[in-house]
Amino acid sequence: MPPSPPPPPSPDLAALWPEEGLVPPPRRLAERAHVPDRAALAAFRAEDFPRPFAALADLLVWTTPWRTLFDDTRPPFWRWYEGGTLNACTNALDRHLPAARDRIAYHWIPEAESESPRSLTYGELLERVETLAAVLRDDFGIGPGDRVTIHLPMSLDLPVAMLACARLGAIHSVVFSGFSARACAERILDSGSRLLLTADVYRRGGAVLDHKAKADATHALVTEGGGRLEAVLVFTRDPDRYASPTPLHPGRDRLAAPLLAHRRGARIPPVPRASNDGLFLMYSSGTTGKPKGCLHGHGGYLAWVAATCRWVLDLHPGDVYWCMADIGWITGHSYIVYGPLLSGVTSLLTEGVPYDPDPGRPWCLARRYGVRVFHTSPTALRALRRLAPEGPGADRPPFDILVTVGEPIEPHVWRWYHETVGGGRAAVVDTWWQTETGGHILATLPAADPMRPGSAGPPLPGLEVAVLDEEGHPLPPGAERAGTLVVRTPWPGLMLGLWGDDERYVRTYFGRFNRDPRSRDWRDWPYCPSDGARIDARGYVRILGRIDDVINSSGHRLGSKEIESAALEVPWVAEAAVVPIPDELRGQAVGLFVAPGPGVPDDPTAARAEVARAVVERIGPIARPHQVWIVPDMPKTRSGKIMRRVLAALVAGRDPGDVATLANPEVVVALAGIVAAEKPAPPREPGAQTPGPGGGGGPTPGDGGAGGGARGGERAAGGDGEGQAIS
């Protein structure tokens with residue numbers, strides 16, 4: 001008798017991860033915090049929209065005062081502070097000089113410890129910005145509205161280049177240095193950029209990488225695609241020494257050093273730009289379809305990052321702050337360049353991977369420079385926990401605030417961050433936001449809010465969020481169901497739109513829950529970030545993962561993040577990644593890859609069983625992995641993100657595609673061998689006995705899993721994340 005078809009999909013994402021308790025904020029933070037308690041922001045009530053956001057404009061220096069706070073005449077293309085003009089570089093640098101010309105803006109730490117760090121004061125940074133602005137304007141004809149593509153590694157030249165563009169009113173488009181020539185060319189072609197800023201070489205993982213070769217390949221691809229890249233400006237890692245084996249192309253490539261020497265001392269007045277003129281383009285990674293060019297403006301974006309640096313990061317002038325991200329991502333734009341400079345703080349920039357090969361180096365650097373606010377990703381924390389679980393030891397840096405960004409942080413990793421890294425005396429601030437949102441949307445305020453491990457927290461003041469079911473109805477806070485997160489109120493940091501594609505902007509971010517495309521009421525246009533979530537009775541939001549990153553097993557839609565988090569509760573598991581296994585009976589089954597740290601059992605069967613048992617104990621039989629693979633490493637991007645699509649392709653027997661841009665492409669061959677040797681067991685008839693955990697078994701309708709026993713069925717029906725962006 002053939003197996004019966006699986007039941008139709010449940011309308012809601014299953015939320016089975018048990019709720020964690022609240023951890024009170026450190027009392028001592030309230031003594032100097034911008035927001036000592038929620039009452040300090042009582043004026044920012046969502047029901048008073050948009051009036052409260054007028055106060056954020058006061059955080060900026062305006063050339064011309066704004067006239068209209070919120071322009072809603074063309075939904076959903078909201079515009080903020082209409083009529084006002086300003087310059088981003090003036091706000092980041094010039095405004096600080098009377099009081100802080102000699103304050104350090106950046107310490108740059110090279111990867112090789114044998115090399116000396118370099119530092120720039122706010123005054124020196126402005127001098128370098130004006131010099132490069134003179135080169136861009138006078139040697140390459142760059143002016144207001146022009147697009148400039150910047151494909152630079154983590155060097156001091158990168159923020160200088162961004163600010164030089166901003167000073168001239170040009171739109172910069174930074175491409176992460178680890179991206180390929182093709183990815184860079186796609187962004188140049190889409191934006192219509194005619195100038196590329198690149199580097200000769202940089203160091204990463206102990207090697208000197210030839211970056212100039214990418215520029216040559218990029219130029220060829222742009223030409224092939226019908227674009228016109230007029231010039232390539234090449235910065236050298238070491239002063240006055242071109243180190244790339246790739247020769248310069250006469251007539252097209254220009255070395256930056258002699259041009260900068262010729263323009264040194266130039267004074268370039270900042271060009272005032274309208275509040276809703278473009279400041280920068282930040283492209284999505286383009287893993288599916290054409291990359292999306294998110295266009296951020298001046299007034300609203302700068303006001304939002306300035307406010308979130310006060311509320312969420314609690315940055316004060318003179319603080320030492322380290323965001324261990326890359327400027328090539330939106331986190332680097334908002335919280336390494338614009339936000340920290342607006343706040344007048346000293347930031348660390350690091351070349352390469354700060355914890356490779358020495359996992360203790362981040363804590364050593366934080367102690368040496370006196371870092372008060374430390375900002376990194378769960379990906380980096382999992383790596384640090386794996387490599388050096390003892391953390392910084394008794395001699396901890398003076399951390400007050402520990403921030404996470406990029407994806408949901410698992411409770412087990414959260415506790416390690418709080419207790420081992422912070423010694424229980426620092427606030428852990430788990431943030432949720434995206435490239436598109438410009439800055440934080442969900443977060444606990446470090447001195448004002450209790451923390452809940454695994455939860456990003458409530459919306460920031462002035463914002464209203466909701467979790468909607470498939471029909472668009474809000475799920476009440478505390479409901480044991482999950483759905484799709486939406487932001488109901490507009491906010492100043494939201495992107496202006498997608499470059500050259502208004503229709504895609506509306507369809508992608510607003511089309512799902514908009515019921516009347518003709519409506520001119522902002523209430524009818526909730527912003528949909530495509531993340532699954534659950535909201536608790538206190539209003540804290542837990543991100544469950546992308547709604548397109550869901551495993552549909554026997555009609556139950558399981559978010560991958562919960563299962564990965566449960567696996568990480570096993571002490572020797574350092575990293576975990578969930579992928580769907582094609583299954584004729586259930587549609588999809590749960591496949592789980594784990595990379596071990598110290599203490600992994602010698603018996604692989606016992607190790608797999610321990611992982612599967614942890615998932616069942618933490619979540620329930622419905623989430624039992626059908627297969628557990630123990631692997632030496634995960635395929636990762638240069639930013640450290642696990643490439644789950646590669647793992648899913650290997651499990652499904654598909655070609656994983658181009659893996660040349662991975663940080664560790666060689667691991668894919670090893671993983672293919674492991675998957676081939678440990679093929680998932682074939683699906684079983686309903687009611688068949690479930691084999692031991694992790695050995696090819698999983699929940700069947702007869703074992704309390706998907707559709708059978710009372711406990712599993714009740715939890716699935718009622719039950720209790722790479723989301724953000726960060727991109």
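A few notes on this one:
- In the set (1) closer than 30 Å to R367 by Cα; (2) at pLDDT below 95; (3) open to solvent by 10 Å² or more (accessible area, probe 1.4 Å), W311 fails one condition alone, (2).
- If you check A215, A161, A170 for being at pLDDT 95 or above, touching an Asp or Glu at 6+ places or on another chain (Cβ under 6 Å) and either surrounded by 24 or more Cβ atoms within 10 Å (Cβ to Cβ) or closer than 17 Å to V232 by Cα (or both), only one passes: A170.
- Of the listed requirements (1) assigned to a loop (DSSP other than H, G, I, E, B); (2) in contact with a strand residue (DSSP E or B) (Cβ under 6 Å, 6 or more places away or on another chain); (3) open to solvent by 10 Å² or more (accessible area, probe 1.4 Å), P398 misses just one: (2).
- Unmet requirement for D71, which otherwise passes all of (1) touching a strand residue (DSSP E or B) at 6+ places or on another chain (Cβ under 6 Å); (2) closer than 25 Å to M154 by Cβ: (2)
- Filter result for P9 (at pLDDT below 95 and open to solvent by 70 Å² or more (accessible area, probe 1.4 Å)): yes
- Close pairs (7 angstrom Cβ cut-off, 6 or more residues apart or separate chains): over 30 Å from D356 (Cβ atoms) in the stretch 95-118, open to solvent by less than 40 Å² (accessible area, probe 1.4 Å) and of a type in the set (A, V, I, L, M, F, W, C) anywhere: L97/L126
- Count - residues of the stretch 338-368 that are part of a helix (DSSP H, G or I) and either more than 26 Å from G439 (Cα to Cα) or open to solvent by 10 Å² or more (accessible area, probe 1.4 Å) (or both): 8
- Annotation: R182 fulfils all but one of (1) under 21 Å from H298 (Cα atoms); (2) in a helix (DSSP H, G or I); the unmet one is (1).
- Boolean, T131 is over 19 Å from S173 (Cα atoms), more than 22 Å from the chain's Cα centre (by Cα) and crowded, with 20+ Cβ neighbours inside 10 Å: yes
- Some residue of the stretch 529-545 being polar (S, T, N, Q) and either farther than 24 Å from L69 by Cβ or in a strand (DSSP E or B) (or both): yes
- When P632 is tested against the conditions (1) in a loop (DSSP other than H, G, I, E, B); (2) at pLDDT below 85; (3) open to solvent by 60 Å² or more (accessible area, probe 1.4 Å), the lone failure is (2).
- The lone criterion from (1) assigned to a loop (DSSP other than H, G, I, E, B); (2) under 30 Å from V23 (Cβ atoms); (3) touching a strand residue (DSSP E or B) at 6+ places or on another chain (Cβ under 8 Å); (4) of a type outside the set (A, V, I, L, M, F, W, C) left unmet by G462 is number (3).
- One residue stands out among those in the stretch 516-550 that are of a type in the set (D, E) and within 12 Å of P75 (Cα to Cα): the one that is surrounded by the most Cβ atoms within 10 Å (Cβ to Cβ), which is D524.
- Per-region count, the stretch 173-200, residues at pLDDT 95 or above, open to solvent by 10 Å² or more (accessible area, probe 1.4 Å) and not small (G, A, S): 3
- Those residues of the stretch 554-613 which are closer than 18 Å to G454 by Cα, assigned to a helix (DSSP H, G or I) and modelled with pLDDT of 90 or more, in sequence order: A567
- Of all the residues in the stretch 660-678, those that are open to solvent by 30 Å² or more (accessible area, probe 1.4 Å), of a type outside the set (S, T, Y) and either in contact with a strand residue (DSSP E or B) (Cβ under 8 Å, 6 or more places away or on another chain) or closer than 22 Å to S377 by Cβ (or both) number 4.
- Among the residues of the stretch 613-626, those identified as in contact with a helix residue (DSSP H, G or I) (Cβ under 8 Å, 6 or more places away or on another chain) and under 22 Å from P582 (Cα atoms) are V615, V616, I619, G620, P621, I622, A623, R624, P625.
- The stretch 93-116, subset surrounded by fewer than 16 Cβ atoms within 10 Å (Cβ to Cβ) and out of contact with any helix residue (DSSP H, G or I) (no Cβ under 9 Å at 6 or more places or on another chain), residue nearest to G360 (Cα to Cα): A112
- Applying the criterion of being among the small types (G, A, S) and closer than 21 Å to V541 by Cα to the residues of the stretch 20-78, the residue that is most open to solvent (accessible area, probe 1.4 Å) is A39.
- Annotation: V232 fulfils all but one of (1) open to solvent by 30 Å² or more (accessible area, probe 1.4 Å); (2) of a type in the set (V, I, T); (3) at pLDDT 95 or above; the unmet one is (1).
The values are calculated or read from the model by the stated rules, or taken from the named source; none is laboratory data. Quick caveat, the model's predicted, so the values are computed rather than measured. Don't worry about glycine lacking a Cβ; one is built from the backbone with ideal geometry, like all the others, and counts go over all protein chains shown. Quick note on the areas: whole protein, heavy atoms, side chains included, nothing else; ligands and nucleic acids left out. Shrake-Rupley method; radii C 1.70, N 1.55, O 1.52, S 1.80 Å.
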